[in-house]
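Below you'll find the structure, written out as structure tokens, and then a few comments.
The values are calculated or read from the model by the stated rules, or taken from the named source; none is laboratory data. Treat the numbers as computed from the prediction; the structure is a model and nothing was measured. Glycine also receives a Cβ, built like all others from the backbone with ideal geometry; neighbour counts cover every protein chain displayed. What goes into the accessible areas is simple: the full protein's heavy atoms, side chains included, and nothing from ligands, DNA or RNA. Shrake-Rupley method; radii C 1.70, N 1.55, O 1.52, S 1.80 Å.
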Amino acid sequence: MTLAAAAQRSRPSRAPRTQRPGLILAFLCVVQSMVYLDVTIVNVALPSIQHSLDMADGDLQFVVTAYGTVLGGFLLLGGRLADTLGRRRLLRTGMVLFGAASLAAGIAQDPGVMISARAVQGLGAALTAPAALSTLTTTFSEGAARNKALGIWGALAGVASVLGVLLGGLLTQGPGWRWVFFVNVPIALFAVLAAPYVLPESRRPEAERRFDAAGAVSLTAGLLLLIYTLDQAVTAGWTTARTIGGLAGAAVLLAAFAAVELRAEAPLLPLRIFRLPALRTANIATVLMLGAMVTLFFFASLFMQQVLGYDALHTGLAYAPLALAVVVGAGLASGLVAKVPATPVLAVGLALATAGLLLLARLPVSAGYATGLLPPFLMVGVGLGMSFVPLQIAAATGVPDQLAGTAAGLINTSQEAGGAVGVAVTSTVAFTRIAHAHATTLPAARAAGFHAAFTVGACFALAALLLSAILLPRTRP
């Protein structure tokens with residue numbers, strides 16, 4: 001079946017256009033902010049969590065990777081379930097899991113409970129994120145209305161990720177690290193109770209609600225193994241049997257998934273969706289851009305604390321101007337994409353992000369905040385804000401309503417995969433450089449490694465820029 005035919009078949013089942021699109025957008029933004037916040041909010045709290053739960057150094061990374069791995073592994077499945085079972089229903093299910101797991105993490109007294117709770121949080125987020133985004137794209141018609149809504153959504157994605165670091169520092173220094181998780185509970189409860197009164201229900205027609213179990217198992221297992229292996233490659237080493245075996249196993253599982261999808265009557269991920277050039281290019285560029293973005297957050301935090309001597313609170317506060325810059329960039333992009341093609345807007349954003357990362361790669365060990373960190377933070381913030389919006393729009397362009405959840409799961413998976421690849425590659429480069437640095441002091445050696453990481457991050461952003469400039473269609477709004 002062609003995409004045009006799929007779009008034609010999906011029209012009778014289209015959810016009725018609501019008279020309260022602003023309320024729906026506000027509700028979805030509140031829900032989605034929890035998913036983005038929890039990607040970064042725990043990072044600043046890690047030392048306190050380790051001390052309180054008496055965690056071993058080797059186990060501490062799982063507090064972060066358990067969430068990210070499960071989230072990335074289940075996003076495409078969550079998107080397909082949203083299309084099949086109902087987007088509002090799946091969003092509420094995801095919020096129940098997310099809220100319960102947040103409570104469990106907040107009261108955890110041993111590492112096993114904490115890591116398990118973070119994994120369940122990731123599962124709840126994987127059900128919520130594609131259901132929320134696909135609800136947005138089916139609520140607002142393609143064109144100016146959807147572009148404006150996705151502009152706000154794109155701003156939220158960048159701002160919430162930055163605010164996660166800021167709030168993590170404030171909560172850890174204030175009421176304690178447990179509130180990093182407790183803050184999610186009332187929001188999740190509100191979402192579960194309010195969703196029936198705010199969101200319309202939308203799903204695939206009854207006749208098309210078949211489920212591709214073999215595709216679900218092979219894809220989810222392949223993504224879980226891939227993201228986990230990338231996360232562990234930094235500590236395990238790229239040439240070890242563990243890493244090589246994990247990557248090979250992930251390749252086999254994903255190849256099996258592709259073979260299953262070519263034969264399935266109701267595929268989990270209809271491969272015809274990749275015929276959409278805007279969607280295809282947007283997902284590849286998102287992988288590269290998120291590699292650059294996660295590099296910024298991860299290594300800027302390390303640079304401030306291990307080289308410049310900032311504490312957790314000052315590290316979090318240092319990101320506040322960056323968050324505001326993301327809002328400004330997203331606002332600019334949201335207005336521009338209504339007047340000009342998205343490609344030049346994206347190019348300007350990625351160029352700013354590249355330049356900002358290159359400036360960070362030249363920071364001296366005695367850098368001041370106002371003259372050293374602030375200018376590149378502002379450049380990267382505006383650049384990321386301008387990049388999120390056109391990429392989200394491109395990823396939803398031309399997608400029929402019945403595949404909205406699948407497209408939403410795909411772009412979210414690209415974000416998680418990009419983050420995993422970015423951390424794996426840049427961490428390997430940075431820590432190898434630190435180990436071989438000939439600097440006379442430890443801060444200078446670390447700075448050399450972090451400079452290398454920022455340079456690699458700039459290469460990710462530049463690659464996304466070149467790819468988008470060459471392949472992204474230049475359509476008028």
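Compared with the dominant principal axis of the Cα atoms in the chain, helix 442-471 is inclined by about 30°. Counting only protein heavy atoms and a probe of 1.4 Å, the accessible surface of the chain is 69% carbon and sulfur. What the Cβ-Cβ distance of residue 252 and residue 194 gives, at R0 = 56 Å and to the nearest 0.05, is a FRET efficiency of 0.80. Per residue, the average separation of C-alpha pairs within less than 8 Å and at least 6 apart gives the chain a relative contact order of 24 percent. Let me test this: with uniform point scatterers at the alpha carbons of region 289-364, what is the Debye-based log₁₀ I(q)/I(0) at q = 0.19, 0.20 1/Å? One equal scatterer on each Cα of region 289-364 leads to -0.89, -0.96. Excluding the site residues themselves, the longest part of the chain lacking any trypsin sites (Lys or Arg not before Pro) in a DSSP loop with at most 15 other Cβ atoms within 10 Å is 18-208. For the chain, the per residue solvent-accessible surface stands at 38 Å², with DNA, RNA and ligands left out and a 1.4 Å probe. Measuring with a 1.4 angstrom probe and ignoring ligands and nucleic acids, residue 311 comes out at about 70 Å² accessible.
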